[in-house]
Amino acid sequence: MKKTGIFYGSTTGTTKDVAYEIAKTLGVAEADVHNVAETAPSAVADYDVLIFGASTWGAGDLQEDMDTFIDGVQALDLRGKEVAVFGCGDESMSDTFCNSVGEMYHRLHPTHAEFIGRFYNDGYEYKHSDSDFKGLVLGLCIDNVNRPDETPARIKEWCDELKKEIC
């Protein structure tokens, strides 16, 4: 498998836990899992595959540390790198559920990276999400508030799909 780095922004620890579970499922070393609050954006250069994860806050906003980190990553040319995104949210916030996934995707799109890891939100009920594109979600969405029992299976299924996509 290509060298993979996981970069997460976490305020309450939920996204951190999901990041480490993804790493375990993909066989990514803990040393390659990075808290963006303590990591320079230039660290992404060390990897072929980048996985970004953050939660959605307030009125659908990207988690603060990831917001700042993405500002730096946007200035980079990620041509030749594969990027996947995941987010944590609360489906009861039905107008902004996992908006972070969509925001990371859209803000990173101009970097020329190849995006992988689109997924389905089967089982979730919400009115709107910036992560949704014609029924297909731009990455993995996790709701540990209302559906924590589904998290392990969602992570496994998403990681199984990522393994197929990583060239």
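The values are calculated or read from the model by the stated rules, or taken from the named source; none is laboratory data. Computed from a prediction, not measured in an experiment: that's the story for all the values here. So basically every Cβ, Gly included, is an ideal-geometry build from the backbone, and we count neighbours across all protein chains shown. Just so you know, the surface numbers come from the protein's heavy atoms only, side chains and all, with ligands and any DNA or RNA stripped out. Shrake-Rupley method; radii C 1.70, N 1.55, O 1.52, S 1.80 Å.
Some observations on this one:
- Contact order normalised by residue count of the range 1-96, Cα under 8 Å, 6+ apart, percent: 34
- Å² per residue, accessible surface of the chain at 1.4 Å: 46
- Only Lys, Arg, Asp and Glu carry charge here, each on its Cβ (+1 for the first two, -1 for the last two); on that basis the range 1-79 has a dipole of about 300 debye about its Cα centre.
- Note on the chain: with neighbouring protein chains present and a 1.4 Å probe, carbon and sulfur make up 48 percent of its accessible heavy-atom surface.
- HIS109 sits with roughly 100 Å² accessible to a 1.4 Å probe, with DNA, RNA and ligands left out of the calculation.
- Cβ-placed point charges (K, R +1; D, E -1), dipole of the chain about Cα centre in debye, nearest 20: 520
- Evaluating 6.51 cos²θ - 1.76 cosθ + 1.60 at θ = phi - 60° for every residue in the range 65-70, the Karplus couplings come out as 5, 5, 4, 5, 4, 4 Hz, glycine and proline recorded as x.
- Applying the Karplus relation 6.51 cos²θ - 1.76 cosθ + 1.60 with θ = phi - 60° to the range 21-35 yields 3J(HN,Hα) values of 5, 4, 4, 4, 5, 8, x, 8, 5, 4, 5, 9, 10, 10, 7 Hz, where x marks Gly and Pro.
- Residue order by solvent-accessible surface for LEU138, LEU76 is LEU76, LEU138, largest first, with ligands and nucleic acids left out and a 1.4 Å probe.
- DSSP beta bridges in the chain [antiparallel fraction, %, rounded to 5]: 20
- Take PHE86: with every protein chain present and a 1.4 Å probe, its accessible area is about 0 Å².
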